[in-house]
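Engineer: Have a look at this one.
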Amino acid sequence: MDKNFYITTPIYYPSAKPHMGHAYSSIIADFFARFKKIDGFNVNFLTGTDEHGLKIQRSAEKAGMEPQIFCDKISKTFRDLSDTLNLSNTDFIRTTEKRHKKTVHHLWNELVKNDDIYLSNYSGWYSVSDEAFYNEDEIEEVEGKKIAISSKSPVEWIEEESFFFRLSKWEKPLLEYYQANPDFIAPESRKNEVISFVKSGLKDLSVSRKSFSWGIPVPNNKGHIIYVWLDALTNYLSALNYPDKNDDLFKKFWPATIHLIGKDILRFHAVYWPAFLLAAKIDLPKRVYGHGWILSGEEKMSKSKGNILDPLEIIKQYGLDPLRYYLIKEVSFGNDGNISQERLEDCINSDLANNYGNLCQRVTAFVNKNCDGKIPLEIKFLDEDLLILNKFKDNLDNIRSKIDDQNINFYINYIVNSLFEANKYFNDQEPWKKKNDQIRLNTIVYTTLEIVRKISFLMYPIIPESSLNVLNIFNIGEKKVELNSISDNEYLIKGKKLNKIDILFKKIEKKND
Ligand code: MSP
């Protein structure tokens, strides 16, 4: 059976400068994509920009630019961010592309054909910042201004002719679907939130706007623009060339394995999107995972709150991999996570410099001094060597299944513990005292090098560049990083000279050290 894996990030609004929350979503998706890649899957990893709607139109007006020119410019900063974050995305979609418009029109026509769309009038509250409609009980008044309770963004009253999607019709089928597919929404707390929202009753959804022009027109009705969320969500299909069901990408990768999103856009992905798909008779994605927020202080990091840690600044100062490692480790996946520069520095020092970096430096320095700089030729494993080596093989299936549950916390703890045990093994075995027993000395060294290799394979999805720097000492390039081989205990080529290793992670001098 083909092993296919399709992961998506949300497509980003190009109205803001990318911040740490955006970087987080992308880095986590990249982690999963890379893990699956080294586990032999065909991976399709999609990201991109969400370029239509009133929010973008207003941002463009504010910048004094035509919307398309504005989008071209800002979309590029997100594309550049993908490079800066070393994402392994296989596509970058923009909703202003032709291929996307074609799919959106097709989907709209399917909804019309199935009698899921009708024309009426909308009056109610709308948040341009969230591009979302809110009920009366979802807004509050603060200092004379109406805002959405959940996002705190301002809302405005709109009244206009609009096409509606018969969302109410899908209330029961959605509840049945959640029940029959308990893994569809994760983590559990988000699933419960969605179910209680749907149970509280779904009203038909306004899916077109008349009062502005920046978007995809409703087919055969140019006065209406398709609601930006119906437009944006469809990107997950347009990137696979839907409606061409014979297209290789579509056949291989739909239904998507996982839509990775932030919890603020759960309703769109776990209620509206599956309802559109059910109505259009398209299979539903296998999972929608709503991760938590990156907080700064106790608040969601966002431009409007002015509490942004700029990922580009942080990368300039500390390097990319330390940031990737820190975000993946520090934020307990699924929950909100408070990040700070100080804790980033602690993490670099303790985990990367002292633990991983030190192990690599120490064992290679020892090889240079005592084994002529070569991977030892003659070895003879004792039980204590096999005990530590075999743990990787014994845990491999468990690691895979934890990743399929998006249990990143398990994965990172597994690595940290393995590093701790590896350092302890090297200390306890005291190879420097075995100079009169070359085979024992060789075996300890070989075992430690093998552990370094295995851990570096596991590190690859988290810190690809640094782990490849380590693996370069064995001449192992990216193509040879295969998860299966962490079960092999004699993978390294005996007698081969080690390449030189550079300093991997610089220790940060802390002011109060
Ligand atoms: N354009 C929509 C998504 C459409 S998907 C069909 C959108 N864009 S966004 O740029 O506002 O947000 C993109 C992603 O970044 C969302 O998943 C959002 O949850 C995430 N984050 C934005 N700020 C965040 C934090 N402070 N922390 C973590 N993720 C956050 O929504």
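Engineer: Can you compute the label reach from SER168? Point 7 Å from Cα along the Cβ direction, backbone N cut-off under 12 Å, restricted to the range 203-233.
Structural biologist: Under 12 Å, as judged by backbone N against the label point of SER168, lie 203-205 of the range 203-233.
Engineer: Of the listed pairs LYS286/LYS479; LYS374/LYS454; LYS113/LYS281; LYS17/LYS263, which have alpha-carbon separations greater than 22 Å here?
Structural biologist: LYS286/LYS479
Engineer: In the range 169-216, how many lysine pairs have Cα atoms under 18 Å apart, counting only pairs 8 or more places apart or on different chains? Display every interim value, and only then the final one.
Structural biologist: Working: LYS169/LYS199; LYS169/LYS203; LYS172/LYS191; LYS172/LYS199; LYS172/LYS203; LYS191/LYS199.
So the count works out to 6.
Engineer: Oh, and also: Mind ranking TRP125, TRP157 by accessible surface for me, highest first, 1.4 Å probe?
Structural biologist: Result, largest first: TRP157, TRP125.
Engineer: Does the range 114-209 come out rounded, prolate or oblate by the C-alpha gyration tensor, with a ≥ b ≥ c the root eigenvalues, rounded set by a/c under 1.5 and, if not, prolate when a/b is larger than b/c and oblate if not?
Structural biologist: Note, shape of the range 114-209 comes out oblate.
Engineer: Continuing with the same structure: Would you mind computing, in nm to one decimal, how far apart the modelled labels at GLU138 and ASP428 are, each placed 7 Å from Cα along Cα→Cβ?
Structural biologist: Label at GLU138, label at ASP428, 5.6 nm between them.
Engineer: According to a simple spin-label model (label point 7 Å from Cα along Cα-to-Cβ), what is the distance in nm between ASP502 and ASN246?
Structural biologist: Reported label-point gap for ASN246 and ASP502 is 5.1 nm.
Engineer: Taking 0.36 nm per intervening residue step and subtracting the Cα-Cα distance, what contour gain separates SER123 from SER150 on full extension?
Structural biologist: Contour length minus the Cα-Cα distance gives 7.7 nm.
Engineer: Keeping the other protein chains in place, figure out the carbon and sulfur percent of the accessible area of the chain, with a 1.4 Å probe. Present the calculation step by step, with values, prior to reporting the outcome.
Structural biologist: Working: 10800 of 22500 Å².
With neighbouring chains kept in place, the figure for the chain is 48 percent.
Engineer: Then there is this: With 24 Å as the cut-off, how large is the P(r) tail for the range 340-487, expressed as percent of Cα-Cα pairs? List each step's numbers first, then the result.
Structural biologist: Numbers: 3536 of 10878 pairs.
Tail of P(r) above 24 Å: 33 percent of Cα pairs.
Engineer: With angles folded into 0 to 90 degrees, how steeply does helix 171-180 sit against the dominant principal axis of the chain? Use alpha carbons for both and round to 10.
Structural biologist: In the chain, helix 171-180 runs at an angle near 20 degrees to the longest axis.
Engineer: Something else now. Accessible area per residue for the chain in Å², computed with a 1.4 Å probe and the full protein assembly in place, what is it?
Structural biologist: On the way: 22500 Å² over 513 residues.
With the other protein chains kept in place, the chain gives 44 Å² per residue.
Engineer: Below 8 Å, C-alpha to C-alpha, sequence gap of six or more: please give me the relative contact order for the range 340-487 in percent.
Structural biologist: Working: 97 pairs, mean separation 44.1, N = 148.
Contact order relative to length: 30 percent.
Engineer: Place +1 on the Cβ of every Lys and Arg and -1 on the Cβ of every Asp and Glu in the chain, take the dipole about the Cα centre, and give the residue among LEU498, GLY21, PHE457 whose Cα lies farthest towards its positive end.
Structural biologist: LEU498
Engineer: Restricted to Cα positions, what overall size does the range 1-52 have along the principal axes? Three whole-Å values, descending.
Structural biologist: So the extents along the principal axes, rounded to whole Å, are 42, 22, 8.
Engineer: State the extension gain, in nm to one decimal, for the chain segment bounded by GLU61 and GLN341, taking 0.36 nm per residue of separation less the distance between their alpha-carbons.
Structural biologist: Values: separation 280, 0.36 × 280 = 100.80 nm, distance 3.55 nm.
Length gained between GLU61 and GLN341: 97.2 nm.
Engineer: Which of LYS36/LYS391; LYS55/LYS316; LYS393/LYS434; LYS433/LYS507; LYS434/LYS480 have a Cα-Cα distance over 23 Å?
Structural biologist: Values: LYS36/LYS391 21 Å; LYS55/LYS316 31 Å; LYS393/LYS434 28 Å; LYS433/LYS507 29 Å; LYS434/LYS480 33 Å.
Going by Cα-Cα distance, LYS55/LYS316; LYS393/LYS434; LYS433/LYS507; LYS434/LYS480 fall outside the 23 Å limit.
Engineer: Could you tell me which of rounded, prolate or oblate describes the chain, using a ≥ b ≥ c as the square roots of the eigenvalues of the alpha-carbon gyration tensor, with rounded for a/c under 1.5 and, failing that, prolate when a/b is larger than b/c and oblate otherwise?
Structural biologist: prolate
Engineer: Given contacts defined as C-alpha pairs under 8 Å and at least six residues apart, what's the relative contact order of the chain, whole-number percent?
Structural biologist: This gives 15 percent for the chain.
The values are calculated or read from the model by the stated rules, or taken from the named source; none is laboratory data. Owing to the predicted nature of the structure, the values given are computational and were not obtained by experimental measurement. Cβ sites come from the backbone with ideal geometry, for glycine too, and all protein chains shown count toward neighbours. Note: accessible area is taken over every heavy atom of the protein model, side chains too, but ligands, DNA and RNA are not part of it. Shrake-Rupley method; radii C 1.70, N 1.55, O 1.52, S 1.80 Å.
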